[in-house]
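The values are calculated or read from the model by the stated rules, or taken from the named source; none is laboratory data. Quantities reported herein were computed from a predicted structural model and do not represent experimental measurements. For neighbour counting, all protein chains shown are included, and Cβ atoms are generated from backbone atoms with ideal geometry for every residue, glycine included.
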Amino acid sequence: MLSKKALGVSPSPTMAIEDKAKTMRSQGIDVIGFGAGEPDFDTPPHIREAAIKAINEGHTRYTPASGTLELKEAICHKLKSDNGLDYNPGQIVVSNGAKHSLFNVLAALLNPGDEVLIPVPYWVSNPELVKLNDGVPVAVETSEKNRLKASVEDLEKHRTAKTKALILNSPCNPSGQVYNEDELKAIADFCIKNNIYVIADEIYEKLIYDDTSHYSIASFNKQIKDLTIVVNGVSKTYAMTGWRIGYTASTTEIAKVMNTIQSQITSGPNSIAQRAAVTALQGSQECVEEMRLAFDKRRKYMCDRINNIPNLEALVPKGTFYLFINLSGALGKSFQGQNIENGDDFARQLLESKKVAIVPGSGFGAPNYVRMAFATSMEHIVEGLERMETFVDELE
Ligand SMILES: Cc1ncc(COP(=O)(O)O)c(C=O)c1O
């Protein structure tokens, strides 16, 4: 008998489409992919060079379990200058990507049966990470009226005596929505009043558009700062998804527990990637703006095109590189005699018939939606949307 806990964890439903797209590509089929949750850009040259230098200078040994002092200092500096947050290196834990950071936070906080509020739509891994740590994920429904962001009323509906934490992802994958200052202040008051930890996943903070500002919930006052664990990393901002560097900032008490957990499971993150991350944080930030501008151009084009396709409704993303599309108008129709009841049907039929891979919303807790990443070239975007338009046109 294998572990009941392990068997209770769902595999990522996004993988099913991705696997199918990969198989089709290996058969020589021209599939256009909008699935990837990573920038299509290469890691900027100065960061790559820092890694090569790190190898040649012998930075190839174990580092402290929670990361090098040099990187923690660079992170503290970033948190101060970008987010107005004062932390010392003893409050930082560097891990193997922000996903690992999230796992460590939940391992440090949860006792069996503790409930964690997760606004819908959520990043696919969040409920599974909670379950792996013996917690109970509690999906908090939101409304399009509130741009799929959780209000205090939404959260209050699901609060119980067992509520331990809230996972707040802003900018949000998959909705692309960003909580504004007032919304965050109201949520901060709710969490302080009810003694609820906030796991603030800010990994997309630099990918924001129009006149949107990113606020770190921990920055409002000491009470909320003490309850918040900031989660961030270099993956999305610096096109460094493969380098696996994420980090947390929290109270020293929580950081110590996470450090102990990590020291027994993985030891410190990759020494070379840590050196590269220092350069990413301390070097020129021009590359970040260049990538952001490219994403913004694609975002505008995709939004316009999709919202001109009858029965599809994209929520204009204010951040991230995802477009979240409400399919309600297209559901109940059929394609070549096969019913389209939800995002899974839509995504499967689109892939099979038009060779366009998109991610169904079921894994994000929103089965009537699909997610499309604009982390692919403009050329692919134009061709992919043309195919999608034809597909929707053929629905009966
Ligand atoms: C919302 C969110 N949090 C965390 C992560 C994990 O990032 P990392 O690659 O640093 O593990 C992702 C990656 O897709 C994400 O979308």
Quiz prompt | Scan of region 285-295 for residues that are more than 13 Å from P39 (Cβ to Cβ) and surrounded by 14 or more Cβ atoms within 10 Å (Cβ to Cβ), ordered by number | solution = Q285
Quiz item: From the list L395, L350, which one is touching a strand residue (DSSP E or B) at 6+ places or on another chain (Cβ under 8 Å), outside any helix (DSSP H, G or I) and not small (G, A, S)?
Solution: L395
Quiz prompt | Conditions (1) farther than 22 Å from A314 by Cβ; (2) of a type outside the set (D, E); (3) out of contact with any Cys (no Cβ under 6 Å at 6 or more places or on another chain); number of the one not met by V198 | solution = (3)
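Hey, among K78, K72, K53, which residue is away from the ligand (no atom under 16 Å from the Cβ), more than 27 Å from T14 (Cα to Cα), surrounded by fewer than 21 Cβ atoms within 10 Å (Cβ to Cβ) and modelled with pLDDT of 95 or more? Working first, answer last.
Working: K78 fails: away from the ligand (no atom under 16 Å from the Cβ); K72 fails: surrounded by fewer than 21 Cβ atoms within 10 Å (Cβ to Cβ).
Testing whether each residue is away from the ligand (no atom under 16 Å from the Cβ), more than 27 Å from T14 (Cα to Cα), surrounded by fewer than 21 Cβ atoms within 10 Å (Cβ to Cβ) and modelled with pLDDT of 95 or more leaves just K53.
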Quiz item: Taking helices (runs of 4 or more DSSP H) that fall entirely within region 4-92, which contain at least 1 residues that are more than 17 Å from I272 (Cβ to Cβ) and in contact with an Asp or Glu (Cβ under 9 Å, 6 or more places away or on another chain)?
Solution: 4-7, 13-26, 69-83
Exercise. Would you please list the contacts, defined by Cβ atoms under 7 Å and residues six or more apart or on different chains, that run from a residue in region 93-118 that is more than 23 Å from E38 (Cβ to Cβ) to a residue that is among the β-branched types (V, I, T) and assigned to a loop (DSSP other than H, G, I, E, B)?
Key: E115/T160
Self-check item: strands (runs of 3 or more DSSP E) lying entirely in region 148-258 (those with 2 or more residues that are away from the ligand (no atom under 16 Å from the Cβ), in contact (Cβ under 8 Å) with a residue 40 or more places away in the chain and at negative phi)
Solution: 163-169
Quiz item: When the residues of region 104-125 are filtered to those that are in a helix (DSSP H, G or I) and surrounded by fewer than 23 Cβ atoms within 10 Å (Cβ to Cβ), which remaining residue is nearest to the ligand (Cβ to nearest atom)?
Solution: S125
Practice problem: State which residue is farthest from Y238 (Cα to Cα) when the search covers only region 2-14 and only residues that are hydrophobic (A, V, I, L, M, F, W, C) and touching a helix residue (DSSP H, G or I) at 6+ places or on another chain (Cβ under 9 Å). | Solution: A6
Self-check item: Every residue from region 126-146 that is buried (at least 18 other Cβ atoms within 10 Å of the Cβ) and either in a loop (DSSP other than H, G, I, E, B) or polar (S, T, N, Q) (or both)
Solution: N126, N133, G135, T142
